[in-house]
Amino acid sequence: QIRELLDEREKVGILLQPDPDPDGIACGYALRSVLGRRKRTTAPLISFGEVQRPENKALCDALGIEVRVVEPAELEEMDGLVLVDVQPNVFGEHPPPRVLSVDVVIDHHPERSGYDTVISDIRPNYGATSTILTEYLRASNIDPGPRLATALLYGIKSDTQYLGRETS
């Protein structure tokens, strides 16, 4: 359904939280594969804040993942918008209007209200959004390469405190 919704869109922004964490970074990277988008320009990983924590920067550097910092006005350049591992409430009391009406939200945090989305996949019983994207890859018969598999594993481990909480 997600591919069908976004297939004809030329530029699909994959929006992460400000100062993205490994779970969000891995999910954006995985979603690009699920969408069959090879070029960073057609499905960029974007955020309103840069990756700051040293271990998160190291993840991006080691795996060659680029997270582009954008201003809210730049969202208007996107003809598709997906939020992964984040919901609009994270962007403050008055989030940019474009994040209040998105195409897809994929998250493991408790569901928030106050926004519109065409497709919502929110599973608070999951320890990490990377688990959801791993299921998407499996359902799509996509074999993740070493870089994507590493990102997803690290995303899962970091959000579950190395499988120590809320895991199955």
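Tabulated values for the structure
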| read-out | value |
| --- | --- |
| Given [x] 14.6, 41; [y] 17.4, 58; [z] 16.4, 51, the label whose value is Rg and Dmax of the Cα atoms in Å derived from this model | [x] |
| Karplus 3J(HN,Hα) series, Hz, for the stretch 14-23 with 6.51 cos²θ - 1.76 cosθ + 1.60 (x for Gly, Pro) | 10, 8, 10, 5, x, 6, x, 9, x, 4 |
| Contour excess over end-to-end distance, with Cα ends at Ile142 and Tyr162 and 0.36 nm allotted per residue | 4.7 nm |
| Per residue, in Å², the accessible surface of the stretch 76-164 once ligands and nucleic acids are set aside, probe 1.4 Å | 51 Å² |
| Reachable lysines from Lys11, criterion Cα separation under 22 angstrom, eight or more residues apart if same chain | Lys39 |
| Extended-chain gain in nm, criterion 0.36 nm per residue less alpha-carbon gap, Thr42 and Leu5 | 11.8 nm |
| Helical contribution to [θ] at 222 nm, DSSP H n ≥ 4, -39,500 (n - 2.57), averaged over the chain, rounded to 500 | -9500 deg cm²/dmol |
| Chain lengthening between Leu63 and Leu100 when straightened (0.36 nm per residue, less Cα-Cα) | 10.2 nm |
| 5 angstrom amide H check on Ile119, placed H, neighbours 5+ away | Val104, Val105 |
| Cα-based reach from Lys157 at 20 Å (exclusive), listing lysines while leaving out same-chain residues under 8 positions away | Lys57 |
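The values are calculated or read from the model by the stated rules, or taken from the named source; none is laboratory data. The shown structure was predicted, so the numbers you read here are calculated from the model rather than taken from an experiment. What goes into the accessible areas is simple: the full protein's heavy atoms, side chains included, and nothing from ligands, DNA or RNA. Shrake-Rupley method; radii C 1.70, N 1.55, O 1.52, S 1.80 Å.
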